[in-house]
Amino acid sequence: MDRQNLVAEGDNVILKKGKLLKVYKVIKKAKVFLEKRHFSLAPIVGHPYGSTWELQSGSLVQVLENTVSQDLAEQIDKGGADNRGIFDGDTTQKLDNDDIMNLREQGKSGQEIVDQLVENSSTFNERTVYSKAKYLKKKRNKYIVRFVVLRPCIRLMCEMYFNKAPSKVIQIRIDTMAQLLSAANVQSGSKVMVLENCQGLLVAAIMERLGGNGTVVHFHTEDQPMNSSLQAFNFSQKSKEMLRTFNLKDVYDNLILKKPVETINEEPSQSKDLDISQKEGGEKMSEGCDLRKEPVAMETDSSKHDTQEDVTSKNNQAASSTKPEKGSGVATTHAEDGITGTSEGLPMATDEAGEKQEEQPSADAVDPTDKAQKRKLQFVKFLESDMDYNKRKEKKRRKLDEMAKTTEMLLENNMDTLLIATKHHPAPIVLALIDHLAWSRPFAVFSLYKEALIECYVKLRERGGVINLNITETWHREHQVLPDRTHPMTSMNHLGGYLLTGLHVAK
């Protein structure tokens, strides 16, 4: 079997339990939370996508789908004629919540709890076959943690967001997403401009269809792009490199106002202050006298007759007289550790050969009460943050290089398509970006409000250079398809939004 179809550690997977869809990152040592249960996803590593798993006694066990169907068929072999004599109430089920909690504490599996519920139900045998299947499906979904491991794709991500939080993705459904991609003619090798406010779903759909071949210029209107759904996809590095994300205002400044791309300074401002302080410290170091040895009192002819105590006192007086005053800039030497420094300059170290080397003081050994020590502390902090600064500087330089290349590409006015799905009014955005499309190239705009698209339609007509303008309403109805039970779903979200499509041509 192809290794790409197997689950690997670090992959993002979707666990589907009925209509519940959740995205998790597979980490062997971490636990996930699903249906009020904590468990590890380590057992699914190395198994194919699409496999079914069940939580039994706190660990995952792989089960076969046909086994699940056989167990369900055995319990609904026969049924009653109809459900007219069935009335649900407190007396139909002998087990209460305390009994079910006791079964869980005893370590009973979900299937055993469902069997106990069926045995203690006074109306189960009187139900029809369809009613039994519905009852068992409801109880199994509640007490059995069984799910299917699926690979993240745009269909599942759209379904997950639309069922859980449709307002986060501006009510965009999978059928609307399909119409957007089809109307904009997104295909491998295309150069696509996109602006969206649906958590990166439209960007992910475009990247999935391009397959790593092409260019995606993603504009956003916030301070940071809202691309949370992009993190759920297992895109290759090649696919990630074709995505370029910029703020629409920055692009507008470079394209419409013709402002040049700014460059960043090569050297940080802190380094200038550092060079000045080092230079000042070096000058003061040269002005002072570097005493390499401890001062020793020399004996004279007159001191030969002195006692040993007198000689010792004279030596102490001579040593104290040669110590520099604080703030004088005179260097001091300790022969024991070989450290030479000044009271205001940066510290200098001497090795065994007597050569001077720069020393990086530790922050713990710094006295914050001394001005010179404060300067040393600032120098230490700068050295610690210098690596992060270089990374930020390099990241900013790459961002500016991408901006310059993207600006040149947009100024060629040779982009293949434009897609917009935004909560804002689309007319100004469309008018600002449509000129960068090549001739006979399509564009598609999605909005929840037809009034905004009608105004955009009128402005495009007044501008000219567009044909085949159409406004359509996206609407669909979900159906249940089962033997002898096919019918539309009784509850569904009717909001689908509207689409504006057209072709960009020469005026």
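Taken as a whole, the condition of being among the polar types (S, T, N, Q), touching a Leu at 6+ places or on another chain (Cβ under 6 Å), surrounded by fewer than 21 Cβ atoms within 10 Å (Cβ to Cβ) and more than 21 Å from residue 14 (Cα to Cα) applies to residue 221.
If the condition is being touching a residue at least 60 places away in the same chain (Cβ under 8 Å) and either of a type in the set (Phe, Trp, Tyr) or under 15 Å from residue 202 (Cβ atoms) (or both), then the range 134-152 contributes only 147.
Being surrounded by fewer than 13 Cβ atoms within 10 Å (Cβ to Cβ) and under 29 Å from the mean Cα position of the chain (by Cα) is the requirement here; does residue 394 meet it?
Working: surrounded by fewer than 13 Cβ atoms within 10 Å (Cβ to Cβ): yes; under 29 Å from the mean Cα position of the chain (by Cα): yes.
Taking the combined requirement at face value, the residue satisfies it.
Where residues in the range 191-217 are over 20 Å from the mean Cα position of the chain (by Cα) and under 16 Å from residue 443 (Cβ atoms), which of them is surrounded by the most Cβ atoms within 10 Å (Cβ to Cβ)? Here the answer is 192.
As a summary of the residue check, residue 191 satisfies the conditions (1) within 16 Å of residue 216 (Cα to Cα); (2) out of contact with any helix residue (DSSP H, G or I) (no Cβ under 9 Å at 6 or more places or on another chain) except for the one numbered (2). Note on the range 74-178: enclosed helices (runs of 4 or more DSSP H) holding 2 or more residues that are assigned by TED's automatic domain parsing to the domain that holds residue 493 are 154-164.
Inspection of the range 3-13 identifies no residue that is surrounded by fewer than 17 Cβ atoms within 10 Å (Cβ to Cβ), modelled with pLDDT of 90 or more and of a type in the set (Lys, Arg). Taking the condition hydrophobic (A, V, I, L, M, F, W, C) and surrounded by fewer than 16 Cβ atoms within 10 Å (Cβ to Cβ), does residue 505 pass? Here the answer is yes, as residue 505 does meet what is asked. The residue of the range 476-501 that is farthest from residue 435 (Cα to Cα), among those that are within 34 Å of the chain's Cα centre (by Cα) and not in a loop (DSSP other than H, G, I, E, B), is 498.
If you filter the range 156-190 down to residues that are basic (Lys, Arg) and either more than 20 Å from the chain's Cα centre (by Cα) or farther than 29 Å from residue 42 by Cα (or both), you find that the one that is surrounded by the fewest Cβ atoms within 10 Å (Cβ to Cβ) is 168.
The residues of the range 19-41 that are loosely packed, with under 11 Cβ neighbours inside 10 Å, of a type outside the set (A, V, I, L, M, F, W, C) and over 13 Å from residue 60 (Cβ atoms), listed by number, are 19, 29, 36.
The values are calculated or read from the model by the stated rules, or taken from the named source; none is laboratory data. The model shown is predicted, which means the values in this text are computed figures rather than measured ones. Heads up, the Cβs are rebuilt from the backbone with ideal geometry, glycines too, and the neighbour counts pull from every protein chain shown.
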